[in-house]
């Protein structure tokens, strides 16, 4: 998988998780822990995207 394709996939996943969080926040029955886990996953993906953009030849 090329770097550009990998970045696109990570950005897609980031957007998907963002939509999941938005949807979960609309439902008061959703556990706060679940929302926190989604936010952690989203942040981890964002960190990976930034790392790849900063050092594209290391991956």
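A quick yes/no check of all residues on (1) over 10 Å from the mean Cα position of the chain (by Cα); (2) surrounded by 14 or more Cβ atoms within 10 Å (Cβ to Cβ):
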{"residue": "24", "(1), (2)": "yes, yes"}
{"residue": "33", "(1), (2)": "yes, no"}
{"residue": "37", "(1), (2)": "yes, no"}
{"residue": "47", "(1), (2)": "no, no"}
{"residue": "53", "(1), (2)": "yes, no"}
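Using the structure shown, decide if residue 41 is part of a helix (DSSP H, G or I), free of Cβ contacts under 8 Å to residues at least 24 places away in the same chain and either on the phi < 0 side of the Ramachandran plot or touching a strand residue (DSSP E or B) at 6+ places or on another chain (Cβ under 6 Å) (or both).
no
I'm checking my understanding of the structure. Among residues of segment 45-59 that are part of a helix (DSSP H, G or I) and at pLDDT below 90, which one is nearest to residue 15 (Cα to Cα)?
It comes out as 56.
The values are calculated or read from the model by the stated rules, or taken from the named source; none is laboratory data. Treat the numbers as computed from the prediction; the structure is a model and nothing was measured. Virtual Cβ from ideal backbone geometry, glycine too; neighbours counted across all protein chains shown.
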